[in-house]
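Taking it in order: structure first as structure tokens, then the write-up.
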Amino acid sequence: MQPIPAVLLIGLAYVIGSIPFSVIVSKLTGAPDPRTIGSGRTGGTNALRAMGPKWALIVVTGDLAKGALPVLIARAVTGGEPALEAACGVAAVVGSARSIFLRFHGGRGVATGVGTMLVIQPIAVLLAAPVFIGVILITRYVSLGSLLGSATMIPAVALVFLVVSGTVPPAYLVYAVAGVAVVWIAHADNIDRLIHGTERKFDLRLLGGRGSGSG
């Protein structure tokens, strides 16, 4: 892959990752802007608080797609070059957390990161999902579920590739670490609140369209 096309693909991945689906959906539906409530972030949890489960599902689907699409484009253009797929994956997650359309604010990059991994190694997502869901159900901290679920992605990627092919493509393993690092950095304020016992808990009633969204 020539350097200039590679740079263009990475830039495109960042722009796609930057698309603020929750803000777009809120404007189209007349729902509250998710940036005005809760954590002020634009991810699925705040979308759920602001718009309810139906529209939040659309937001999460969009966030997954904006992670998957850049990796799929890189794969189609290069015929499958792990390093560029990984670079585009990181760019998409960074865009989700630091959107060019929102003055470099955004979400936490979780759903977008999952979207990238659904292309790179979907089985790893299946292995990490119970950790994400289980931690939230037990503790009611979405942030803790996101942190531990994303961290689980690293050994999950390594395990799956070792079992399937006997080797782990270095670029994919580097991406797993880099992607998780971006997500954890985006959760810096949550980590601080978790340490000090002031983190908001998630109201499970929101999943049924009820509750105030304390989480």
Q | Residue tally, condition among the aliphatic types (A, V, I, L, M) and either open to solvent by less than 50 Å² (accessible area, probe 1.4 Å) or in contact with a Leu (Cβ under 6 Å, 6 or more places away or on another chain) (or both), over the range 20-36 | A | 3
Q. Does at least one position in the range 193-212 carry a residue that is in a helix (DSSP H, G or I), farther than 19 Å from ALA87 by Cβ and of a type in the set (Lys, Arg)?
A. yes
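Name the residue, out of GLY52, GLY40, GLY62, that is modelled with pLDDT under 95 and within 22 Å of ALA186 (Cβ to Cβ).
The match here is GLY40.
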Q. Can you name the number of the only condition in (1) closer than 25 Å to LEU57 by Cα; (2) more than 19 Å from the chain's Cα centre (by Cα) that LEU126 fails?
A. (2)
Q) With (1) more than 10 Å from the chain's Cα centre (by Cα); (2) open to solvent by less than 50 Å² (accessible area, probe 1.4 Å) as the list, and ALA76 as the residue in question, which single condition is left unmet? A) (2)
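The values are calculated or read from the model by the stated rules, or taken from the named source; none is laboratory data. Note that the coordinates shown come from a computational prediction; the quantities given were computed from them, not determined experimentally. Ideal geometry is used to build each Cβ from the backbone, glycine not excepted, and the neighbour counts take in all protein chains shown. For accessibility, only protein heavy atoms count, side chains too; no ligands or nucleic acids. Shrake-Rupley method; radii C 1.70, N 1.55, O 1.52, S 1.80 Å.
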